[in-house]
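Following: one structure in structure tokens, then a few remarks.
Bear in mind these aren't lab numbers, they're just calculated from the coordinates by the rules spelled out. As the structure is a computational prediction, the values presented were derived from the model and not from experiment. Here the Cβ is made from the backbone with ideal geometry for all residues, glycine too, and neighbour counts use every protein chain on show.
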Amino acid sequence: MKLQEWLENGGAEGLKWLQLENFPDTGRGVKTLRPLKFNDIVLTIPGSFLWTVDAAFDDPVLGPTISSIKPPLSVEDTLAVFLLFIKSRKEGYEGKRAHVKLLPTSYTTSVFFNNEELEICSGSSLYHLTKQLKQQIKDDYLQLLNNLFSRHPDLFPLDQFTQNDYMWALCTIWSRGMDFQLPGKQFRCVAPFADMLNHSPDVQLCHIYDPQSGSLQILAGKDYTIGEQVFINYGPVPNNRLLRLYGFVLPNNLYDSYDLVLTTHSLAPLYTQKVALLESAGLQVNATFPLKLSDPLPLDVLRYLRIQRLSSSEIFTIEAKRGARNIVSARNEAEVLKALIEACESLLAGFGIPLEKLEANIASGVYQKGDNVWAAAHVSVGEQRILKMALQKTRELLALVICAQCGKANEDNKRCGRCRRVVYCGTDCQKSHYKEHKVICKAYATDEQQ
């Protein structure tokens, strides 16, 4: 039985106007055989066809076995086991087996990179996450092998439930699953045929799940002409996540980000008071802040560090109690910004290949477009660009806190009256620094006038 026949017989709508096609840039995708207007209903897949946790537990053969596992399987593991179970069946499940036969036999997500390919992005968040993920997959597979597969070899033939099979199933779920926030829970599903649609940031979000009917709908995210590829939008996803979950990157991705992790040690001075201030400011003690191209130094990073570095005399100030949205003191601000500069410089030094070399290798074709090292290079480029932007922004802020000549962080430091880009603690320092500052001061002032 063909996939489209199975779906249409069960009430799926829109398939007669859609066709699988290989496209030069994206590989296999879906093209439309009719014109579409923005928000037209392109495809409707009834809930009975969706790969879901409930469908796995409701299966009369698989369900009783996986429901008895303690502790319960995660959503990802349940769907991965369900997928491999169907893939291993020799009879029955004709529709779902037809879907499985159309799935890719391999993936280009970062967990499949060899060490040499992964080293291209060493120092990046993707590099560290991929290393951790590879180990987590090994550990999770061993747990499944001991608690499930080896105990039920009739359901899970071990030659078809290897660690590589498990990795393949997980990557299928990661790259083809759709997530929806429903009242009180997160819902994940894989929708046959709809999962063949590729991502484009140039279309509107256009996949909808109706919890009442249980059906999934794809709407037109823009106008399409006959023969065009139909896309969905995964959302504002950075390259480090695209490569980790979906196996591709977008050059010059506007949604690139770097996840900055901040934490405060429990033995730090005034720890209890600082935790209370962080929580009242809506911040967590162990926090991750995405640095973005559009905002390389978020205010919440400064707020966190201002609270973290409060002195005993500053911790009861009004500004501290207000969540440190503004400068608490010149001393505190200087310490925060110097620490950030040191952190950014250290993070940038940790990348195996510097930004300029990666950009040159991409531009000259040293990294072949589309291959794994090319993709890894784009991840590293995006993260390093953001860290350099954060470093530049931090340096600019520090220049407005400490005297450009002597480095003092006085409360009454005054800005240069011409460029407004640096401060001085007094006229003596301003005069001493003038020879060094005058050229750049004039340039800054000219920029302001323009």
Ile45 neighbourhood, Cβ < 12 Å, K/R = +1, D/E = -1, net charge -4
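Could you list the square roots of 5 times each eigenvalue of the Cα gyration tensor of the range 257-398, that is, the equivalent ellipsoid semi-axes, sorted largest first and rounded to whole Å? Please list the in-between numbers first.
Working: eigenvalues 253, 40, 28 Å².
Semi-axes, largest first: 36, 14, 12 Å.
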Note on the range 166-302: alpha-carbon gyration tensor, axes a ≥ b ≥ c; rule is a/c under 1.5 for rounded, else prolate if a/b larger than b/c, else oblate; result prolate
Residues whose modelled amide H sits under 5 Å from the amide H of Val422, counting only those 5 or more places away in sequence or on another chain, are Cys416
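Would you work out if the range 1-136 is rounded, prolate or oblate? Take a ≥ b ≥ c from the square roots of the eigenvalues of the alpha-carbon gyration tensor; rounded if a/c is under 1.5, else prolate when a/b is larger than b/c, oblate otherwise.
Details: a/c = 2.18, a/b = 1.16, b/c = 1.88.
The shape class here is oblate.
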Too long for a 29 Å Cα-Cα cut-off, among Lys321/Lys393; Lys138/Lys388; Lys292/Lys408; Lys408/Lys435; Lys357/Lys414; Lys131/Lys292, are Lys138/Lys388; Lys292/Lys408; Lys357/Lys414
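When only Cα pairs under 8 Å and 6 or more residues apart are kept, what is the percent relative contact order across the chain? Please list the in-between numbers first.
Values: 662 pairs, mean separation 72.7, N = 450.
Here the relative contact order equals 16 percent.
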Residue-ordered couplings for the range 107-124, obtained by feeding phi - 60° into the Karplus form 6.51 cos²θ - 1.76 cosθ + 1.60 and rounding to whole Hz (Gly and Pro as x), are 10, 10, 5, 5, 5, 9, 5, 7, 4, 5, 5, 5, 5, 4, 10, 4, x, 7
Computed on Cα atoms, the radius of gyration and Dmax of the range 3-246 in angstrom are 18.6, 53
Note to self: C-alpha centroids of the range 222-245 and the range 1-32 sit apart, in Å, by 17 Å
Per the helix-only model, the chain has a calculated mean residue ellipticity at 222 nm (DSSP H runs of ≥4, -39500 (n - 2.57) each, divided over all residues, rounded to the nearest 500) of -12500 deg cm²/dmol
Phi angles of the range 287-301, converted by Karplus (6.51 cos²θ - 1.76 cosθ + 1.60, θ = phi - 60°) into ³J(HN,Hα) in whole Hz with x for Gly and Pro, give 10, 10, 10, x, 8, 10, 4, 7, 8, x, 9, x, 4, 4, 5
Where a ≥ b ≥ c are root eigenvalues of the Cα gyration tensor, a/c under 1.5 meaning rounded, otherwise prolate if a/b exceeds b/c and oblate otherwise, the range 78-157 counts as oblate
Rounded to the nearest 10, the angle in degrees between the Cα long axis of helix 163-176 and the longest principal axis of the Cα atoms of the chain comes to 70 degrees
Descending packing, highest mean Cβ count within 10 Å first, for 246-256, 271-281 is 246-256, 271-281
From the Cα centre of the range 168-193 to that of the range 379-407, the distance in Å is 39 Å
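In what sequence, highest mean first, do 16-25, 343-352 appear when ranked by Cβ atoms within 10 angstrom? Provide the component values of the computation, followed by the final result.
On the way: 16-25: 12.1, 343-352: 15.7.
The packing order, highest mean first, is 343-352, 16-25.
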Scalar couplings 3J(HN,Hα) for the range 390-407 by Karplus 6.51 cos²θ - 1.76 cosθ + 1.60 (θ = phi - 60°), nearest whole Hz, x for Gly and Pro, are 5, 5, 4, 4, 5, 4, 5, 5, 5, 5, 9, 10, 9, 4, 5, 9, 9, x
Per GNM of the chain with C-alpha springs under 10 angstrom, the most fluctuating residue out of Leu182, Leu84, Leu242 is Leu182
For Lys96, counting only lysines whose alpha-carbon sits under 23 Å away and dropping same-chain residues fewer than eight positions off, the answer is Lys2, Lys16, Lys31, Lys87
Tilt, helix 271-280 to longest principal axis of the chain (alpha-carbon atoms), in degrees rounded to tens, equals 70 degrees
